[in-house]
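Report on the structure given below.
Read-outs: derived from the displayed coordinates by stated rules, not from any lab. For clarity, every value in this text was computed on a predicted model and none was experimentally measured. Methodologically, a virtual Cβ is constructed for each residue, glycine included, from the backbone with ideal geometry; neighbour enumeration extends over all protein chains shown.
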């Protein structure tokens with residue numbers, strides 16, 4: 001049986017993988033980190049189920065190919081993980097760094113609230129709610 005620290009480390013690993021997949025546009029891989037009936041609630045909309053989550057990711061990125069000039073990096077910190085058997089509640093902070101016209105910028109930041117579930121020995125995201133509370137424009141973003 002894994003220790004509490006091993007479980008927390010496994011959860012942080014999943015949430016880090018999420019960032020790498022999101023930042024590189026691998027939305028199908030990102031969606032596989034969610035439970036089959038998982039929900040992704042973003043400023044751009046909400047999606048439930050892996051196919052819908054991947055589709056929302058592609059829609060958010062449509063018309064903006066990932067190039068060295070447009071690449072962004074999600075940085076996540078301040079994890080608070082509360083374990084309860086095969087479930088966990090996780091709070092963390094995030095920020096997005098990217099290239100701006102005059103050099104690197106922090107384009108947005110906020111908080112994640114995650115409900116995780118352990119299925120088949122692996123931690124998955126059941127619900128990810130994204131709060132974007134630092135941005136140049138805090139109005140809800142529109143999809144193309």
- [ ] Return the tail of the calculated pair distribution for the chain, meaning the percent of Cα-Cα pairs more than 21 Å apart.
- [x] 42
Task: Cα gyration tensor shape for segment 45-102, rounded if a/c is under 1.5, else prolate or oblate - done: oblate
Open item on the list: At a 10 Å Cβ-Cβ cut-off, how would you order 77, 42, fewest neighbours first?
Closed with: 77, 42
Task: Label point distance in nm, residue 136-residue 55, each placed 7 Å from Cα along Cα→Cβ - done: 3.1
- [ ] Could you work out how far apart the two model spin labels at residue 86 and residue 105 are, taking each label as a point 7 Å from the Cα in the direction of the beta carbon, and quote it in nm?
- [x] 4.6
Task: Using alpha-carbon coordinates, inclination of helix 4-23 to the longest axis of the chain, degrees - done: 30
Open item on the list: Less than 17 Å from a label point 7 Å out along the Cα-to-Cβ axis of residue 77: which backbone N atoms in segment 97-138 qualify, by residue?
Closed with: 97-98, 105-112, 133-135
Open item on the list: Taking 0.36 nm per residue of sequence separation and subtracting the Cα-Cα distance, how much length would be gained by fully extending the chain between residue 64 and residue 10, in nm to one decimal?
Closed with: 16.2 nm
Task: segment 1-128 - share of DSSP beta bridges that are antiparallel (%, nearest 5) - done: 90
